[in-house]
Amino acid sequence: MGIAIILIMAAGVALILSGKLPTAFALVLLAVAIALVSGAPLMGAPGAPASGAEASVLQTVIQEGAVRLSATMIAILLGSWLGSLMRETAIADTLVRKTVEFAGDRPVVVALGVLAISALVGSVTGSAPAALLAGVIGIPAMVAVGVPKVTAAGTILMGIGVGVPFELPVWQFFSTALGLTIAEVRSFMIVLFPFALLAAVAFVLVETRRRGTVHAWSLAAMSQRRDDEPAGKRGRAARRPSRRARLGDAPWWSLITPLVPIVLALVLEVPIIPSLLAGILYALVTTTRPRDMSTRLLRSLYDGFTVAAPPITLFIAIGMLLAAVSLPGAVGALSPIVEALAPTNIWLYVIVFSVLVPLCLYRGPLNIYGLGAGIAGALTAIGFYSPLAVLGLMASYNQVFGISDPTSTQTVWAAQYSGVKPQQVMVRTLPYVWPVAIGGIVVSALMYL
C-alpha cells in the first residue's frame, strides 16, 4: 500500500509539472486517491466519528480537510486586504519613492533601499501582490540608475524573501499544518531571518558591482511641471498644491503601516488575525477622511478577495491532502518506507535535504504549497521527525521557492516587468538562496534532531 501511495504522489507531480491540471485540482485528486488506497470508505457509517478507524473520504478528507486551514485562509485574506489598502492609499508607492529620492543616483544605495521596502511589503503579503507593490516604482527606478534588469528583478524577490520569515499568514499556515503553536513557529522564523537578510544584501552588493551599470531606460521626473501649465499659475506658489499632494504621497505617519502587525505579533505576541486587522485599521485611519472610510474599506476588501482567491483555493486543496496523508491507513503504510529511507544521522540529514533543495522548484515534490505539504503532513503524522524539524525543512525550502521558482507568480511578474525571463532570475538568485536553505536545515538539525 505504501508503494501505491508513493506512485500516486509521483503521478501527481507529473500532472502538476506538465501543466495538464492546475495545482489545486491535482492535489484534490491526490487526496481522494490516497484516501481510497489507504482503505478509507467513501462514506462513513451514519453517526460514526470522522476520525480514526471510522474516517471516510467524503467526511474526513473532503468536508473536514477543506476547512482544516481556515485560519490560514483568513490570514491570507486579511494580508491581501492590507496589501490592497497600501496600494490604494499610496503607502507602498510613497515608501519606494522616498527611498529612491534619498538614495539619489547611486545604484547600490537605490537597490538596498528598494530591498528594504520589498522586505517590509513581503512581511505583509506574499506572491505577486508583494512584488507589484514594491516593483511598480522600484524596478524602473533601479534600472534608471544603471542596475541591470535581472538584478533589479532579483532585488525585489530577495527583499520579499527577507520579509517572508515575518509574514504572518505563513506563520499561521505552518502552525495549523504541522500542529505547532505560533510561538514555536515564530522562534524558528527569527532564527531563519538573518540567513535571508545576509543573502539578500550579498546579492545586491555583489550583483550590482559585478555586472556594472547598464542604463536601459529612465523615469521622467515625477515632480516635473506640465508644459501646458500657465506661467501665471506657476508664479503663484501660494496657490500650488503641496509637493505631497502633487505626487500623491501618503502622510508620513502612515508609512509605518507594514510594521504595525509585525510589532504586535512579534513583540507583543498579539494573535495573528487581530494583528492584521490592526494594520488595516491603522492604514485606513492615517490616510482616509472619515466620510470616505467606508467606501475605501469596502473597495479594498473586494480587491483583497480577488487577490486572495487563488491562494485560498490552493489551501483548501492542501487541507484535503493533509487530511488524507494523516489517515491511519496512510500513516501505517508509509511508516516502514520512511523509516527505511529517511536519514537519522544529523550530518547525513543535512547533506541529503540540502541536495534535494531544487525539488521545491518548478512545482516539484518539495514545494510546500503543493505536494510538499502532503510530504510534510505525512512526516509529521508518522512521527519519524518532530514537527519542529519538519518546520525547519519546509520553511527553508520555502525561502528558495518564493525567490527562485520560475513558475511562482511573484518571480514571473518581477521578471516580465523588468523585461527578462523568469529562468534568468532563477539562475541569478539560486546561488544566494540555496545557502539560505542549507543554513536553515543545519539550524533545524542542531535544534530539533
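Of the listed requirements (1) without any contact (Cβ under 8 Å) to a residue 40 or more places away in the chain; (2) assigned to a helix (DSSP H, G or I); (3) under 22 Å from Ile16 (Cβ atoms), Ile368 misses just one: (2).
For segment 359-371, how many residues are among the small types (Gly, Ala, Ser) and buried (at least 23 other Cβ atoms within 10 Å of the Cβ)?
First, the residues of segment 359-371 that are among the small types (Gly, Ala, Ser): 364, 370.
Adding the requirement that they be buried (at least 23 other Cβ atoms within 10 Å of the Cβ) leaves 370.
Qualifying residue count, segment 359-371: 1.
Filtered by the rule that a residue be modelled with pLDDT of 85 or more and among the β-branched types (Val, Ile, Thr), segment 101-144 gives Val108, Val109, Val110, Val114, Ile117, Val121, Ile139, Val143. Among residues of segment 366-418 being within 20 Å of Tyr432 (Cβ to Cβ) and among the aromatic types (Phe, Trp, Tyr), the one that is nearest to the chain's Cα centre (by Cα) is Phe401.
Is at least one residue of segment 155-174 free of Cβ contacts under 8 Å to residues at least 40 places away in the same chain and buried (at least 24 other Cβ atoms within 10 Å of the Cβ)?
Step one: of segment 155-174, the residues free of Cβ contacts under 8 Å to residues at least 40 places away in the same chain are none.
No; the residues of segment 155-174 include none that is free of Cβ contacts under 8 Å to residues at least 40 places away in the same chain and buried (at least 24 other Cβ atoms within 10 Å of the Cβ).
For Met293, the conditions (1) more than 16 Å from Thr89 (Cα to Cα); (2) without any contact (Cβ under 8 Å) to a residue 12 or more places away in the chain; (3) hydrophobic (A, V, I, L, M, F, W, C) all hold with the exception of (1). Considering only residues that are closer than 20 Å to Tyr362 by Cβ and touching a Ser or Thr at 6+ places or on another chain (Cβ under 8 Å), look in segment 1-42 and name the one that is surrounded by the most Cβ atoms within 10 Å (Cβ to Cβ). Top of the filtered list is Ile16.
Select from segment 292-305 the residues that are touching a helix residue (DSSP H, G or I) at 6+ places or on another chain (Cβ under 8 Å) and surrounded by fewer than 20 Cβ atoms within 10 Å (Cβ to Cβ) and list them in ascending order.
Met293, Arg296, Leu297, Arg299, Leu301, Asp303, Phe305
Given the residues Ile351, Ile346, Ile337, which is the only one that is at pLDDT 85 or above, farther than 16 Å from Ala437 by Cβ, more than 20 Å from the chain's Cα centre (by Cα) and surrounded by fewer than 17 Cβ atoms within 10 Å (Cβ to Cβ)? Please lay out each step first, then the result.
Values: Ile351 fails: farther than 16 Å from Ala437 by Cβ; Ile337 fails: at pLDDT 85 or above.
Matching residue, one of Ile351, Ile346, Ile337: Ile346.
The residues on offer are Val150, Val170, and the sole one that is of a type in the set (A, V, I, L, M) and in contact with a Lys or Arg (Cβ under 6 Å, 6 or more places away or on another chain) is Val150. Checked against (1) in contact with a Pro (Cβ under 8 Å, 6 or more places away or on another chain); (2) without any contact (Cβ under 8 Å) to a residue 60 or more places away in the chain, Val427 meets all criteria but (1). Candidates in segment 397-431 are the residues that are surrounded by fewer than 24 Cβ atoms within 10 Å (Cβ to Cβ) and hydroxyl-bearing (Ser, Thr, Tyr); of these, the one that is farthest from Ala119 (Cα to Cα) is Thr407.
In the set Ala437, Ala445, only one residue is in a helix (DSSP H, G or I) and either acidic (Asp, Glu) or under 19 Å from the mean Cα position of the chain (by Cα) (or both); that residue is Ala437.
Among the numbered conditions (1) modelled with pLDDT of 90 or more; (2) surrounded by 14 or more Cβ atoms within 10 Å (Cβ to Cβ); (3) under 21 Å from the mean Cα position of the chain (by Cα), the only one that Leu266 does not meet is (1). Candidates are the residues of segment 371-396 that are part of a loop (DSSP other than H, G, I, E, B) and of a type outside the set (Ser, Thr, Tyr); the one that is farthest from Ala183 (Cα to Cα) is Phe384. Taking the conditions exactly as written (under 30 Å from Leu322 (Cβ atoms) and assigned to a helix (DSSP H, G or I)), does Gly154 satisfy them or not? The answer is no for Gly154.
Within segment 249-263, residues that are without any contact (Cβ under 8 Å) to a residue 60 or more places away in the chain have Cβ atoms under 7 Å from residues that are part of a loop (DSSP other than H, G, I, E, B) and crowded, with 16+ Cβ neighbours inside 10 Å in these pairs: Pro251/Thr286; Pro251/Thr287; Trp253/Thr286, counting only partners at least 6 apart in sequence or on another chain. Scan segment 64-117 for residues that are outside any helix (DSSP H, G or I) and hydroxyl-bearing (Ser, Thr, Tyr) and the total you get is 1.
Condition check for Ala152 on (1) surrounded by fewer than 24 Cβ atoms within 10 Å (Cβ to Cβ); (2) among the aliphatic types (A, V, I, L, M); (3) over 15 Å from the mean Cα position of the chain (by Cα); (4) under 24 Å from Ser408 (Cβ atoms): one failure, at (1).
Yes/no matrix, rows are residues, columns are (1) in contact (Cβ under 8 Å) with a residue 12 or more places away in the chain; (2) farther than 25 Å from Glu184 by Cα; (3) out of contact with any Cys (no Cβ under 7 Å at 6 or more places or on another chain):
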{"position": "Leu284", "(1), (2), (3)": "yes, yes, yes"}
{"position": "Pro343", "(1), (2), (3)": "no, no, yes"}
{"position": "Ile351", "(1), (2), (3)": "no, no, yes"}
{"position": "Tyr362", "(1), (2), (3)": "yes, yes, yes"}
{"position": "Leu388", "(1), (2), (3)": "yes, no, yes"}
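Filter segment 67-115 down to the residues that are surrounded by fewer than 18 Cβ atoms within 10 Å (Cβ to Cβ) and either touching a strand residue (DSSP E or B) at 6+ places or on another chain (Cβ under 9 Å) or under 27 Å from Thr208 (Cβ atoms) (or both) and list them by number. The answer is Lys98, Glu101, Phe102, Gly104, Asp105, Arg106, Val108, Val109. Within segment 79-97, being under 15 Å from the mean Cα position of the chain (by Cα) and farther than 9 Å from Ala308 by Cα holds for Leu82, Gly83.
The values are calculated or read from the model by the stated rules, or taken from the named source; none is laboratory data. What you see is a predicted model; the values in this text were computed from it and never measured. Ideal geometry is used to build each Cβ from the backbone, glycine not excepted, and the neighbour counts take in all protein chains shown.
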